[in-house]
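Undergrad: Handing you a structure now.
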Amino acid sequence: LIHLDSAAAGRQSEATLAAAAAHARLETETGAYVAQEKAAETIEGLRKDLGEVLGVPADGVVFLESATAALVALLDACPLPAGSPVGIVAAEWGPNLEQLAWHGLRPVELATDGGGRLDLEALEHRLAADPPALVHLTQVTSHRALVQPVAEAAALCRAAGVPLWVDAAQALGHVDVASGADAVYGTSRKWLAGPRGVGILAVPRRSWPQLRVLRAALVGDVATPRYLESFEAHIAGRLGLANAVREFVEAGPATVYARLAEVGAATRGALADVPGWELADAVGAQAAITAIRPVAGQDVAAERQRLLADHGILTTACALARAPRDMTAPLLRVSPHVDCTEDELARLAAALRS
Ligand SMILES: Cc1ncc(COP(=O)(O)O)c(C=O)c1O
């Protein structure tokens, strides 16, 4: 298999697979809750590692089952009055728009440049003249190579007293996520190449007083993000993630980010002149996600299936629901990780031509 689908779910290393499997075995051998106690130090180490990557204290890092579960937990813990405007950009992840609407909120579009990137000057004016109740940004877009300037946006939002939440599902392990936002959430399984079933939410200490958390209220404690975690959870997954994040930290986050930007440019370079397809973004865009648009009437889902069945190449067919305010037609997404080779990209280009 040529795996070019990290934006869906990355491949775990042998050591990450072994760490999760070893914990599952320990649960059977010693009892699940005894095993959890034995794993406590490793999981605290994971919170510390992720806290450093995300720019929050270890106690501000909590685990849920997915990025979506983290957003739902946040919406529940920080309720806004019905109809509150939430600033978003057009490329926002479609299911997030659905969650906002489901929670009675009103997404309002913030100005962007021609490529879909947040216009910071316009944001500053908007925050002064007509501030939304919340700004929500998806740092790296799911369906194409688009990265939002979240650190700059966080500084502007903070100065205006408007909270900023960042969806880092495609950003964590891919680009720098230490933005200073009021909440950042993501997942283990994509660019960090950890197990499925582990979501991550990071909240800086200054935002803890804004959390409304049932369990803290019941036991009469001050709210900390930790109370948002389910008592029952995929602990083996956290052990696998602890290994994946250690590998990421030891490789050097800045080195990984630079390599992924290079892989994205190499992918777009390899696909730029394939007949019947056009790039959705510039070759030099700073992300490892590449999207190509069919211009000869191809069915993207059928092309994705043909690449997999006939050529052993794994990609994603992106339907419009992913970003209904940005996409006008389905896209084929290619998302290799740091180990991608020129030969793999040449084989993809040849398969698309065939
Ligand atoms: C930008 C973005 N946000 C959120 C999600 C949802 O993540 P999860 O499936 O972990 O809930 C995804 C998943 O692909 C995504 O790409």
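Undergrad: Among the residues of region 145-161, is any over 27 Å from His234 (Cβ atoms), within 17 Å of the chain's Cα centre (by Cα) and of a type outside the set (A, V, I, L, M)?
TA: yes
Undergrad: Quick check on my filter: what residues within region 165-196 are near the ligand (Cβ under 9 Å from one of its atoms), in a loop (DSSP other than H, G, I, E, B), within 17 Å of Leu239 (Cα to Cα) and touching a helix residue (DSSP H, G or I) at 6+ places or on another chain (Cβ under 6 Å)? Give the steps one after another, and end with the answer.
TA: Looking only at region 165-196, we keep the residues that are near the ligand (Cβ under 9 Å from one of its atoms), and these are 167-171, 185-190, 196.
Still in the list and also in a loop (DSSP other than H, G, I, E, B): 168-171, 188-190, 196.
Filter once more, so that each one left must be within 17 Å of Leu239 (Cα to Cα): 188-190, 196.
Correct list: Ser188 only.
Undergrad: Here is a further query. Considering region 264-285 alone, what residues qualify as being touching a residue at least 60 places away in the same chain (Cβ under 8 Å), out of contact with any Gly (no Cβ under 9 Å at 6 or more places or on another chain) and assigned to a loop (DSSP other than H, G, I, E, B)?
TA: Once the filter is applied, which keeps residues that are touching a residue at least 60 places away in the same chain (Cβ under 8 Å), out of contact with any Gly (no Cβ under 9 Å at 6 or more places or on another chain) and assigned to a loop (DSSP other than H, G, I, E, B), region 264-285 yields Val274, Pro275, Ala280.
Undergrad: While we're on this one: Residue check: is Arg126 surrounded by fewer than 24 Cβ atoms within 10 Å (Cβ to Cβ), of a type in the set (D, E, K, R), out of contact with any Pro (no Cβ under 8 Å at 6 or more places or on another chain) and farther than 24 Å from Glu247 by Cα?
TA: Spelling it out, it is not the case that Arg126 is surrounded by fewer than 24 Cβ atoms within 10 Å (Cβ to Cβ), of a type in the set (D, E, K, R), out of contact with any Pro (no Cβ under 8 Å at 6 or more places or on another chain) and farther than 24 Å from Glu247 by Cα.
Undergrad: Now, a different point. Would you check which residues across region 123-162 are part of a loop (DSSP other than H, G, I, E, B) and touching a helix residue (DSSP H, G or I) at 6+ places or on another chain (Cβ under 7 Å) and list them?
TA: Residues satisfying the conditions are Pro131, Gln139, Ser142, His143, Ala145, Pro149, Val162.
Undergrad: Can you name every residue in region 219-258 that is assigned to a loop (DSSP other than H, G, I, E, B) and of a type in the set (Val, Ile, Thr)?
TA: Across region 219-258, the qualifying residues are Val222, Thr224.
Undergrad: Here is a list of conditions, (1) under 26 Å from Leu146 (Cα atoms); (2) in contact with a strand residue (DSSP E or B) (Cβ under 8 Å, 6 or more places away or on another chain); (3) not in a loop (DSSP other than H, G, I, E, B), and Val56 meets all of them except one; can you say which number that is?
TA: With respect to (1) under 26 Å from Leu146 (Cα atoms); (2) in contact with a strand residue (DSSP E or B) (Cβ under 8 Å, 6 or more places away or on another chain); (3) not in a loop (DSSP other than H, G, I, E, B), Val56 is out only on (3).
Undergrad: Also, quick follow-up: Of everything in region 59-93 that's part of a loop (DSSP other than H, G, I, E, B) and away from the ligand (no atom under 15 Å from the Cβ), which residue is nearest to Val198 (Cα to Cα)?
TA: So the first thing to find is which residues in region 59-93 are part of a loop (DSSP other than H, G, I, E, B), and the list is 65-66, 78-84, 89-93.
Applying the additional criterion that residues be away from the ligand (no atom under 15 Å from the Cβ) yields 78-84.
Details: Cys78: 22, Pro79: 24, Leu80: 26, Pro81: 30, Ala82: 30, Gly83: 31, Ser84: 30 Å.
It comes out as Cys78.
Undergrad: Mind listing whichever residues of region 296-328 are within 20 Å of Leu348 (Cβ to Cβ), more than 16 Å from the ligand (Cβ to nearest atom) and not in a helix (DSSP H, G or I)? Give the steps one after another, and end with the answer.
TA: Step one: of region 296-328, the residues within 20 Å of Leu348 (Cβ to Cβ) are 296, 298-318.
So of that shortlist, the ones also more than 16 Å from the ligand (Cβ to nearest atom) come out as 296, 298-303, 305-313.
Within region 296-328, Ala296, Gln298, Asp299, Gly312, Ile313 qualify.
Undergrad: Looking at region 195-236 only, could you name the residues that are out of contact with any Phe, Trp or Tyr (no Cβ under 9 Å at 6 or more places or on another chain), small (Gly, Ala, Ser) and within 30 Å of Arg11 (Cβ to Cβ)?
TA: Gly197, Ala236
Conditions (1) within 24 Å of Ala168 (Cβ to Cβ); (2) not aromatic (Phe, Trp, Tyr), marked per residue:
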position	(1), (2)
Glu29	no, yes
Asp49	yes, yes
Phe63	yes, no
Ala77	yes, yes
Glu92	yes, yes
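Undergrad: Let me ask something else. Of all residues in region 1-28, how many are of a type in the set (Ser, Thr, Tyr) and part of a loop (DSSP other than H, G, I, E, B)?
TA: So the answer is 2.
Undergrad: Restricting the search to region 286-295, which residues are in a loop (DSSP other than H, G, I, E, B), of a type in the set (A, V, I, L, M, F, W, C) and under 25 Å from the mean Cα position of the chain (by Cα)?
TA: Answer for region 286-295, where residues must be in a loop (DSSP other than H, G, I, E, B), of a type in the set (A, V, I, L, M, F, W, C) and under 25 Å from the mean Cα position of the chain (by Cα): Ala287, Ala288, Ile289.
Undergrad: Does Asp113 satisfy being more than 15 Å from the ligand (Cβ to nearest atom), more than 19 Å from the chain's Cα centre (by Cα) and closer than 30 Å to Ala285 by Cα?
TA: Yes; evaluated as a whole, the condition is true for this residue.
Undergrad: In addition: Taking the conditions exactly as written (free of Cβ contacts under 8 Å to residues at least 12 places away in the same chain and closer than 30 Å to Gln99 by Cβ), does Thr316 satisfy them or not?
TA: Details: free of Cβ contacts under 8 Å to residues at least 12 places away in the same chain: no; closer than 30 Å to Gln99 by Cβ: yes.
Answer is no for this residue.
Undergrad: Exactly one of (1) buried (at least 21 other Cβ atoms within 10 Å of the Cβ); (2) within 30 Å of Val283 (Cβ to Cβ) is unmet by Pro149. Its number?
TA: Among (1) buried (at least 21 other Cβ atoms within 10 Å of the Cβ); (2) within 30 Å of Val283 (Cβ to Cβ), Pro149 violates only (1).
Throughout, read-outs are computed from the coordinates displayed, never taken from laboratory work. Computed from a predicted structure; not experimentally measured. Neighbour counts run over all protein chains shown; Cβ positions are idealised from the backbone, glycine included.
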